[in-house]
Amino acid sequence: EPEVTQTPSHQVTQMGQEVILRCVPISNHLYFYWYRQILGQKVEFLVSFYNNEISEKSEIFDDQFSVERPDGSNFTLKIRSTKLEDSAMYFCASKSGPNSPLHFGNGTRLTVT
Amino acid sequence: GEDVEQSLFLSVREGDSSVINCTYTDSSSTYLYWYKQEPGAGLQLLTYIFSNMDMKQDQRLTVLLNKKDKHLSLRIADTQTGDSAIYFCAEDHQAGTALIFGKGTTLSVSS
């Protein structure tokens, strides 16, 4: 069964550094999302992306965050200058259409030291 | 704003049925979802129900939706130790928009 894949599974970075989290959505999907889950807390929406542009974003998704679909298969989340509070599990998700279920990847655990 | 509430813990014995409950506030939800998260793993889509349905059954899983009371439940029949995980309820208030998640219910199954 096709799945959303995320790399790396765990990323450790120093405060102030830039990180790029990578995702390969399911191949025929058109809607792409990033969510995060701080340890022990809710899964929170960050941003959605459709037709090569951001369609919705949350308050969390400030100027430090950006997303890109650099080619036909990858979908990336960049954090420009990481803060300690960015430490979380970041999930990528995709779906084929607006009325389709959302499929998640296994996540990237980001640890900012 | 939209909110999704779940009880935090449920403990059952192997072979019993588990019922995990969820309430939501957004009456314009299109879909309601149940996801399973095992320790250190991602979010596995278990099942979902369209808002104009009141029940959906898929093998050991039964989803009940009471739209009037904005109540969603997930019943797992013959619960196994492998069902131990966190179960998240989620809803979207409009097709294509972001999902709103509950805090998750930790299901513990003892043998």
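The values are calculated or read from the model by the stated rules, or taken from the named source; none is laboratory data. Keep in mind that what you see is a predicted model, and the values were worked out from it rather than measured. All Cβ positions, even for glycine, are placed from backbone atoms using ideal geometry, and neighbour counts span all protein chains on display. All accessible areas refer to the heavy atoms of the entire protein, side chains included, with ligands and DNA or RNA removed. Shrake-Rupley method; radii C 1.70, N 1.55, O 1.52, S 1.80 Å.
Relative contact order for chain A using alpha-carbon pairs under 8 Å, separation at least 6, rounded to a whole percent?
It comes to 39 percent, rounded to a whole number.
With a threshold of 28 Å on the Cα-Cα distance, the over-threshold entries among A:42/B:67; A:83/B:70; A:57/B:56; A:57/B:68; A:78/B:56; A:78/B:70 are A:83/B:70; A:57/B:56; A:57/B:68; A:78/B:56; A:78/B:70.
Here the contact order of chain B, divided by its residue count and restricted to Cα pairs under 8 Å and six or more residues apart, works out to 38 percent. Sites listed here are GluC sites (Glu not before Pro) in segment A:22-113 whose DSSP assignment is loop and whose Cβ has at most 13 other Cβ atoms within 10 Å: A:59. Per-atom-type breakdown for the protein assembly as shown gives carbon and sulfur 46% of the accessible area (1.4 Å probe, protein chains only).
Note on B:39-48: average number of Cβ atoms from other chains within 10 Å of each residue's Cβ is 5.
Considering only B:59, B:25, B:85, and ranking their Cα positions along the charge dipole of segment B:1-88 that arises from unit charges at the beta-carbon of Lys, Arg, Asp and Glu, the one farthest toward the positive end is B:59. Taking all protein chains into account, the per residue accessible area for chain B stands at 47 Å² (1.4 Å probe). Restriction of the trypsin sites (Lys or Arg not before Pro) in segment B:4-111 to DSSP coil positions whose beta-carbon has at most 12 other beta-carbons within 10 angstrom yields B:68. Would you mind classifying chain B by shape? Square roots of the alpha carbon gyration tensor eigenvalues, ordered a ≥ b ≥ c; an a/c under 1.5 is rounded, otherwise it is prolate if a/b is larger than b/c and oblate if not. It is prolate, given that a/c is not under 1.5 and a/b is the larger ratio. Cα centroid separation, segment A:45-90 to segment B:10-28: 32 Å. Would the protein assembly as shown count as rounded, prolate or oblate if I go by the C-alpha gyration tensor, calling it rounded below 1.5 in a/c and otherwise prolate when a/b exceeds b/c, oblate otherwise? The shape class here is prolate. Around the Cα centre of chain A, unit charges on the Cβ atoms of Lys, Arg, Asp and Glu (plus for the first two, minus for the last two) sum to a dipole of about 180 debye. Between B and A, buried accessible area from a 1.4 angstrom probe totals roughly 1700 Å², ignoring ligands, DNA and RNA. Kindly identify segment B:26-69 as rounded, prolate or oblate by the Cα gyration tensor criterion: order the square roots of the eigenvalues as a ≥ b ≥ c, call it rounded if a/c is under 1.5, otherwise compare a/b with b/c, prolate if a/b is larger, else oblate. In terms of gyration-tensor shape, oblate.
Per residue, the accessible area of chain A comes to 51 Å², computed with a 1.4 Å probe over protein heavy atoms only. Among the chymotrypsin sites (Phe, Trp or Tyr not before Pro) in segment B:1-43, none sits in a DSSP loop with a Cβ that has at most 10 other Cβ atoms within 10 Å.
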